[in-house]
1. ³J(HN,Hα) across the stretch 210-218 via Karplus (A = 6.51, B = -1.76, C = 1.60, θ = phi - 60°), whole Hz, x for Gly/Pro?
2. Around I71, with a cut-off of 13 angstrom between Cβ atoms, what is the net charge of the other residues, counting Lys and Arg +1 and Asp and Glu -1?
3. For the stretch 141-146, just list the computed ³J(HN,Hα) in residue order, Karplus coefficients 6.51, -1.76 and 1.60, θ = phi - 60°, integers in Hz, with x standing in for Gly and Pro.
4. How much accessible area does S214 have with a 1.4 Å probe, in Å² rounded to the nearest 10?
5. If you roll a 1.4 Å probe over the stretch 42-97 with all protein chains in place, what percent of the accessible area is carbon or sulfur?
6. Report the FRET efficiency, 1/(1 + (r/R0)^6), for I61 and A339, where r is their Cβ-Cβ distance and R0 is 22 Å, rounded to 0.05.
7. As an exercise, use a Förster radius of 56 Å and the Cβ-Cβ distance of E200 and T220 to find the FRET efficiency, rounded to the nearest 0.05.
8. Once neighbouring chains are kept in place and the probe is 1.4 Å, which whole percent of the accessible area of the stretch 246-285 is contributed by carbon and sulfur?
Amino acid sequence: MDTLKFSLVGAAVALTLVGCGSDSDTTSSSTTPVTLSVSDAPIDDVSEVVVNYSKVAFLPIGEGKPIVFEINKTNEEGKLVDESGTELAEGADPLPLSVDLLNYQGSNAIELVKDQEIPTGSYKLCVFAHDGAHPTYPSYVVGTENGNQIPLTVKGEGKCPQGVGSEPNAGVLYFNDTFTVNADNNDYVVEFDLRRGLREANNGDYTIQRTSVSLINTVTTGNIKGNVALETYQNCELNSADSENGFAHAVYLYQGNIAQDAMGPFATLPDTQTPIAAANVNVTTGEEGDTYNYEFGFVEPGTYSVGYTCTANDDSEAGLVEGETFTVFKSASDLSVVAGTNTSADINPSADLGTPL
């Protein structure tokens, strides 16, 4: 069965939800099953980024009413369940779908709407997410230092157009770019780039910026993945001037064939190019020991470069603070991404050392 798959934020894995659709007055007589998923990009200093989703709305272009699906916690059979996974008693209120975005990275995405029939045609999209002030099911972040839950707000547009409106204590992610639901080849991901978009506010709460969330057609994209050599991983820490501030291992993705010395962080630096995404370096334990790997999912076809660092810096609004450095320690350039394929790019000791910025 052909599906339309939406994934939300810099990671990607799939999970299901039950949808309750609204009436639709579309002129199209053809329908196709729809699946909507969520995905996340990684971030340091937090161990969980939990977002509670309440509903999604497909907004048809031209005639027709919005098609709205409630998003609830279900089991593998699609049955509504409670916090323990037990099927809900008749008449009990369903729970929103709670997703820890850090569990869905690379090409993994979690499904919000699965195999729901909607008319073919052109649409815009709204996704509703509870904010940190929700009285019963708030979204939140868990810090790595003390394990406390910190309120999280997904910054959206305020209201969903075409009469869908807003919900109390919820943000609306409105995607103004039109996308097409065809009879086949529908596979979309709404991806959060948390490394760029998750920010700590002045009051200590966290926000996810709308500008760090994008809608991607996975049918037209490929993946970049690879390993970071153990020697490279260790030497980066040994040679880093930022050891007093701790280490943050990440791989940055740059558009084009970029020289290593021109690779910068999300923070704006002179004579450098800012990345378009970032991926955590994850540790996988196997029979032959630990391996260090990374993955970028849902990359549009084209030419790219990647840069590995153990001094990741993700503040996209300000420059580096005093005493803070950023160094692309090793890199791989001139990588060609083709739709539907995986591009391998290992980070090994043969690359030149970067220049501290």
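1. Using θ = phi - 60°, the values come out as 4, 5, 9, 10, 9, 9, 10, 8, 5 Hz.
2. Numbers: positive: K55, K73, K114; negative: E70, E111, E167.
Summing Lys and Arg as +1 and Asp and Glu as -1 gives 0.
3. Listing the rounded values in order: 10, 10, x, 6, 6, 10 Hz.
4. 50
5. Working: 1170 of 2720 Å².
That fraction is 43 percent.
6. Numbers: r = 25 Å, r/R0 = 1.13.
It comes to 0.30.
7. On the way: r = 35 Å, r/R0 = 0.62.
After rounding, the FRET efficiency stands at 0.95.
8. Details: 830 of 1640 Å².
That share works out to 51 percent.
The values are calculated or read from the model by the stated rules, or taken from the named source; none is laboratory data. Quantities reported herein were computed from a predicted structural model and do not represent experimental measurements. All Cβ positions, even for glycine, are placed from backbone atoms using ideal geometry, and neighbour counts span all protein chains on display. What goes into the accessible areas is simple: the full protein's heavy atoms, side chains included, and nothing from ligands, DNA or RNA. Shrake-Rupley method; radii C 1.70, N 1.55, O 1.52, S 1.80 Å.
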